[in-house]
Amino acid sequence: MTADEEILKADAPDVGALEQEGEIAADYVEGLLDIADLDGDIDMDVEGDRAVVSVIGIKGSDLVGPAGEVLEALQELTRLAVHRRTGERSRLMLDIGGYRERRRAELSKIGTAAADSVRKTGEPKALQPMTPFERKIVHDAVAAAGLRSESEGEEPRRFVVVLPA
């Protein structure tokens with residue numbers, strides 16, 4: 001194995017460990033649904049370097065909350081449950097009722113529109129405060145549009161600024 005191959009292998013995510021994280025998280029979320037007497041199916045996947053657990057077929061948005069606040073809290077609780085079992089920090093992503101997928105599409109449009117605006121005006125554009133998940137999607141959309149962006153401010157009021165080329 002060449003040195004480059006060793007580096008790539010070292011950087012590659014441990015799919016087995018991510019699948020284990022997903023299984024632990026799925027069990028935890030299933031327990032929460034049972035306690036709350038809610039019906040929903042659990043889907044588990046690995047995307048890139050993180051486990052993704054989705055609750056599908058659930059009715060209502062109580063588990064998402066306004067602007068995804070309840071979902072964020074449940075995700076953190078689920079990450080803590082995984083950490084408690086594995087001893088490792090988890091980057092697991094939890095989605096409920098497709099909220100994150102819909103939000104990802106909205107944020108990509110916001111990032112692209114902001115990049116278009118900055119390209120036309122030549123002036124930086126600050127966006128509304130966002131979660132780290134949301135900022136990452138906007139940064140990716142801005143980069144795909146050929147511009148750059150930075151995060152500014154302090155949590156929970158941290159926001160993206162789109163900069164001219």
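No value in this document is a laboratory result; all are computed from the given coordinates. Since the structure is predicted, the reported quantities are computational estimates derived from the model, not experimental observations. Cβ: placed from backbone, ideal geometry, glycine included. Neighbour counts: every protein chain shown.
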Environment charge of Ala115, counting only residues whose C-beta is closer than 13 Å and scoring Lys/Arg +1, Asp/Glu -1: +2
222 nm mean residue ellipticity, helices alone, for the chain (DSSP H n ≥ 4; -39,500 (n - 2.57); rounded to 500): -17500 deg cm²/dmol
Kirkwood Rh and Cα Rg combined as Rg over Rh, evaluated for the range 102-163: 0.94
Ser61 paired with Gln128, simple spin-label distance in nm, labels 7 Å along Cα-to-beta-carbon: 1.2 nm
Simple spin-label estimate for Asp37 and Ala143 in nanometres, 7 Å along Cα-Cβ: 4.7 nm
Listed residues Phe159, Gly111, Leu127: farthest to the positive end of the dipole of the range 102-163 (Cβ charges): Gly111
Cα centre as origin, Lys/Arg/Asp/Glu Cβ charges: the range 102-163 dipole, Debye: 240 debye
Dipole of the chain, positive direction: furthest Cα of Tyr28, Ala81, Leu71, with charges on the beta-carbon: Leu71
Computed over the chain: relative contact order in percent, which uses C-alpha pairs under 8 Å that are six or more apart: 16 percent
DSSP-loop trypsin sites (Lys or Arg not before Pro) across the range 35-143, with at most 15 other Cβ within 10 angstrom: Lys59, Arg89, Arg91
Kirkwood-Stokes translational diffusion coefficient of the range 3-97, alpha-carbon pairs, 20 °C, 1.002 mPa s, µm²/s: 153 µm²/s
Label-to-label distance, nm, for residues given as Lys136 and Glu101 (7 Å Cα→Cβ offset): 1.8 nm
Convex hull per residue volume in Å³, alpha carbons only, for the chain: 141 Å³
Long-range amide H partners of Ile96 with built H, under 5 Å: Val55
